[in-house]
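Down below is the structure, laid out as structure tokens.
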């Protein structure tokens, strides 16, 4: 029957047209609302700067050290850390043992900078008792 064949072709054409129209409408809406939902930047090593870490090597020096740090999502990472050599001054002795608080295994440190060339973090001693808290 010619009428049913024409009706079937017309139904397929309407279906295809509806799909194309819906695809175009969704594409337009996504394009318009994209600015309201910015993509999050990917995780970076710089996200760890300002974090408290736990020293995992016997000691941290200017050339060697590792620490464990917890990321925002709760996962942990072992990172390379270095401690700056203290500058000698008349009021502070120089040489071994001159550091105020040595960074040893199990100690707590603060990651305060990242060296991209050396791929390590600069770390300093951290005492939670001296932390002023978030409202300071």
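Annotations
- The chain: angle of helix 2-33 to the longest principal axis, Cα-based, in degrees nearest 10: 30
- The chain - share of DSSP beta bridges that are antiparallel (%, nearest 5): 90
- Largest-first ellipsoid semi-axes for the chain, taking √(5λ) over the Cα gyration tensor eigenvalues, angstrom: 64, 15, 13
Just so you know, all these numbers are worked out from the coordinates, no wet-lab data involved. Quantities reported herein were computed from a predicted structural model and do not represent experimental measurements.
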